[in-house]
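What follows is a set of notes on a single structure, which appears directly below.
Nothing in this text is a laboratory measurement; each read-out follows from the coordinates by a stated rule. Keep in mind that what you see is a predicted model, and the values were worked out from it rather than measured. Virtual Cβ from ideal backbone geometry, glycine too; neighbours counted across all protein chains shown.
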Amino acid sequence: MQRYKFSDALLWRSMPEGADIVHAFFSEDRERRILVYRRKDETYSYTDQTLTFDDYEQEYWWRGTDNELSFYDSEESVLADIAPLLGGMTEQRIDEET
């Protein structure tokens, strides 16, 4: 079993308050992720991020596009829009408690 530099608990750090992750795609090394999430108002969006190490803070952080101002009416429309970004990525199940 491969050990990663971080736990899935970091997934929840960058989500808008009350958002639920409905799809999580990762690169093979899990240093890039695309998360599709549903907000409390039932609209959808996604985040495309890369894991980076902050030398000053001495910890890992996700950096990249958060798209908080993008609003989709369904998860299907998000997935259709981001399909070109998903090349080489694998969808993985995540657990909020990890």
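List the residues of the stretch 15-35 whose backbone N lies under 13 Å from a point placed 7 Å from the Cα of residue 75 along the Cα-to-Cβ direction.
20-25, 35
Taking 0.36 nm per intervening residue step and subtracting the Cα-Cα distance, what contour gain separates residue 60 from residue 28 on full extension?
9.8 nm
By how many nm would the segment from residue 40 to residue 83 grow when fully extended, if each residue of separation counts as 0.36 nm and the alpha-carbon distance is taken off?
The span from residue 40 to residue 83 would gain 13.1 nm if fully extended.
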